[in-house]
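Following: one structure in structure tokens, then a few remarks.
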Amino acid sequence: MFYTEHPAELPTIAEYATAAVSLPLYLIGMCVTQMLYGPLYALRSGTQQAVETEAVRELSSEHGVPVVPVDTHPSQVVPELSVGWHAVGWLGLLLGVAVAPFQIGVFSVWVVACTGLLILFKRRRVTYETPLALLFGWGGLVAIVPLGLVPLAFGVVAFIAHGLVIRVTAERREAAMAQRLLDHVPTFTDQDVCLTVGEAHLEGLVTEFDARGVETVLHTDLSDQATASD
């Protein structure tokens, strides 16, 4: 059985909207991040998925082993952040609008539209996803340049805000991943299971599994010796 760092439930439009209302700077940053990294993933694996996620999908298809997603999308956690985070998100947006309202408006609509298309391409696994990702991802970012320095600076700040939110929400996401996996695995067996995640989650997940009395073995590279957590 394969378990992956992929949302157990994909966010709905309503959940994205709730995240935008709670912390608008996060949502803009999420769009910029998708436009930046989506094409990079597509060039490496043929789709806008992390390489490890796509590798597990291919192995699953080849060997007929089920894949169970256990992650929580950060957008679904954003509304649970503190009031301070929400205030900072709105302050960043209002400052940008105060300095260059038209440019920030065009910038925001543009990155949301481009990201909506990128997500559609990824979910539908459309033909020619890589060139389309390059066009609306990196091409979309280049198209922003004529708007001027203020929207570009706003995009950088939003990108950083998104990264900080990912870091702040990592612990609760890791706890949820560990619990979902254990809830799915039959408690009356001692079977081995494989959870594939990005390197940033490894230490946190080892801690979560250790706290639940579950032995973990890390495989950070296929050429490395496995290392037990205890």
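The values are calculated or read from the model by the stated rules, or taken from the named source; none is laboratory data. Note that this is a predicted model, so its numbers are computed, not measured. Cβ atoms come from the backbone with ideal geometry, glycine included; neighbour counts cover every protein chain shown. In case anyone asks, the SASA skips ligands and DNA or RNA and just uses the protein heavy atoms, side chains included. Shrake-Rupley method; radii C 1.70, N 1.55, O 1.52, S 1.80 Å.
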> So, of the residues in segment 24-39 that are among the hydroxyl-bearing types (Ser, Thr, Tyr) and surrounded by fewer than 22 Cβ atoms within 10 Å (Cβ to Cβ), which turns out to be farthest from GLY96 (Cα to Cα)?
Replying inline: TYR37
> If only one of SER75, SER60 is without any contact (Cβ under 8 Å) to a residue 60 or more places away in the chain, open to solvent by less than 40 Å² (accessible area, probe 1.4 Å) and part of a helix (DSSP H, G or I), which one is it?
Replying inline: SER60
>> I need the full set of residues from segment 157-181 which are hydrophobic (A, V, I, L, M, F, W, C) and out of contact with any helix residue (DSSP H, G or I) (no Cβ under 8 Å at 6 or more places or on another chain), in order please.
In response: LEU164, ALA176, LEU181
>> So THR220 passes all but one of these: (1) at pLDDT 95 or above; (2) in contact with a Leu (Cβ under 8 Å, 6 or more places away or on another chain); (3) loosely packed, with under 13 Cβ neighbours inside 10 Å. Which condition number does it fail?
In response: (1)
> When only residues in segment 45-57 that are in contact (Cβ under 8 Å) with a residue 40 or more places away in the chain and of a type in the set (A, V, I, L, M, F, W, C) count, which is most open to solvent (accessible area, probe 1.4 Å)?
Replying inline: ALA55
> Would you pick out the residues in segment 43-76 that are of a type in the set (Val, Ile, Thr) and either at pLDDT 95 or above or under 19 Å from LEU195 (Cβ atoms) (or both)?
Replying inline: VAL51, THR53, VAL56, VAL65, VAL67, VAL68, VAL70, THR72
>> For segment 90-146: of the residues being touching a residue at least 24 places away in the same chain (Cβ under 8 Å) and among the hydroxyl-bearing types (Ser, Thr, Tyr), which is surrounded by the fewest Cβ atoms within 10 Å (Cβ to Cβ)?
In response: THR130
>> Could you check segment 147-167 and list, in sequence order, the residues that are touching a residue at least 60 places away in the same chain (Cβ under 8 Å) and open to solvent by less than 60 Å² (accessible area, probe 1.4 Å)?
In response: PHE154, GLY155, ALA158, ALA161, HIS162, GLY163, VAL165, ILE166
> Taking segment 85-102, which residues are under 14 Å from VAL21 (Cα atoms) and of a type outside the set (Val, Ile, Thr)?
Replying inline: TRP85, HIS86, ALA87, GLY89, TRP90, LEU91, GLY92, LEU93, LEU94
> Within the set of pairs 6+ apart or on separate chains, which have a first residue in segment 1-23 that is open to solvent by 70 Å² or more (accessible area, probe 1.4 Å), a second that is β-branched (Val, Ile, Thr), and C-beta atoms under 8 Å apart?
Replying inline: MET1/VAL65; MET1/VAL68; MET1/VAL185; MET1/VAL193
> Name the pairs: first residue in segment 186-210 and modelled with pLDDT of 90 or more, second residue open to solvent by 100 Å² or more (accessible area, probe 1.4 Å), Cβ to Cβ under 7 Å, at least 6 apart or on different chains?
Replying inline: GLY204/GLU171; ASP210/ASP230
